[in-house]
1. Can you confirm whether segment 131-143 contains a residue that is closer than 30 Å to Tyr46 by Cβ, assigned by TED's automatic domain parsing to the domain that holds Pro38 and of a type in the set (D, E, K, R)?
2. Pull out all pairs, ordered by first then second residue, where Cβ-Cβ is under 6 Å, the residues are six or more apart or on different chains, the first lies in segment 1-24 and is closer than 27 Å to Asp171 by Cβ, and the second is outside any loop (DSSP other than H, G, I, E, B) and at pLDDT below 80.
3. Among the small types (Gly, Ala, Ser) and in the same structural domain as Tyr208 (by TED's automatic domain parsing): is that true of Gly2 in this structure?
4. Here are Leu107, Leu117, Leu131: which of them is part of a strand (DSSP E or B) and in contact with a Phe, Trp or Tyr (Cβ under 8 Å, 6 or more places away or on another chain)?
5. Going through Asn165, Asn149, Asn178, Asn172 one at a time, which residue ends up being over 19 Å from the mean Cα position of the chain (by Cα) and assigned by TED's automatic domain parsing to the domain that holds Gln214?
6. So which pairs qualify, if the first residue must be in segment 104-115 and farther than 18 Å from Phe154 by Cβ, the second must be of a type in the set (Gly, Ala, Ser) and assigned to a strand (DSSP E or B), the Cβ gap must be under 9 Å, and the two must be at least 6 apart or on different chains?
7. Is there any pair linking a residue in segment 48-67 that is within 16 Å of Leu202 (Cα to Cα) to one that is part of a helix (DSSP H, G or I), with Cβ under 7 Å and at least six apart or on different chains, and which?
8. Any idea which of (1) under 22 Å from Glu183 (Cα atoms); (2) of a type in the set (D, E, K, R); (3) surrounded by 12 or more Cβ atoms within 10 Å (Cβ to Cβ) is the one Glu123 doesn't satisfy?
Amino acid sequence: MGILDDLRDEASQQQSDQQQDNSLQEQLEHNYQVLILPKMQQIFAYFKELVDYLNVIKTPVAIAHYCNRYPDFGQLQQLNYRLSTDKHGGMSHFDKMMDVYLRFNCLSEENEDYIHLANHKIEADQEKEFLMTHKIPFKIEQHLGDTKNGALSFRITRKIPVLFNFSVDYDNSRILLNIQNHEDFELRSQIVEPADINEAYLDKLARYILRKDQDFLRMEIDDVAKQKIREHINVQKQIHANELEMATIRDAQELEEQEKNKLKNKVKSFIKKIVAR
């Protein structure tokens, strides 16, 4: 086969691939315009009416027990509802909508900080990472009672930012729902087929948002998935245990080294006194 035949085959293959890609893009755009965009607009319109009513009523939702991580975190109030279609809090073009964001806060009635003690440096590092991941405001104070282990006190602002985000998964012609911090600092997600979004779905979601129904997003997990979760938890526990053991060994070695240095200094001081005589 000559060079022209090779080039002809390559050009033909590229043209075929381009046609397939064009056809796929046309289908994806059709799916977006016909199946997805009307549902995103329906979600936005429903949330807009919900937020308008909530901001008129101004009666906060009471949360008696928000989380297990901090058992005495105290009662919170859910308020300050905001709706947007971009992550910066603004509004994008209604006919090109790719996201819907519903934000609100869970706040302490007393407006007092919550104090949490991390007893060890590793525990303190993990606590810091957790609070930053969940966007919880905090300040760090040195815990004077246990400085050798790197213990820290965390002054946590009881202001939890909650987010419900519907976003378009354009390449798969579906919608994704991501939820942050609504319950027990959980980060949760759900794949939503456009056909599943209707008044009943949105009403159930609204009941969940207002904490009238806790069953939204509850799902059965098969035995294989449960076993994988258990294995992952066990691995993380072992890693944490190993880190704590290594930290304890390092602390013991540092303490031993400090004692040796103290003894050396005492011997040197004693020798100097003898020489001075």
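The values are calculated or read from the model by the stated rules, or taken from the named source; none is laboratory data. Computed from a predicted model, the values in this text were never measured in an experiment. All Cβ positions, glycine included, derive from the backbone under ideal geometry; neighbour counts span all protein chains shown.
1. Checked against the condition, which is being closer than 30 Å to Tyr46 by Cβ, assigned by TED's automatic domain parsing to the domain that holds Pro38 and of a type in the set (D, E, K, R), segment 131-143 yields no hits at all.
2. none
3. So Gly2 fails the test.
4. Details: Leu107 fails: in contact with a Phe, Trp or Tyr (Cβ under 8 Å, 6 or more places away or on another chain); Leu131 fails: part of a strand (DSSP E or B).
None of the other options fit; the residue is Leu117.
5. Working: Asn165 fails: over 19 Å from the mean Cα position of the chain (by Cα); Asn149 fails: assigned by TED's automatic domain parsing to the domain that holds Gln214; Asn178 fails: over 19 Å from the mean Cα position of the chain (by Cα).
Answer to the selection: Asn172.
6. Glu109/Ala62
7. Qualifying pairs under 7 Å: Leu50/Ala206.
8. (1)
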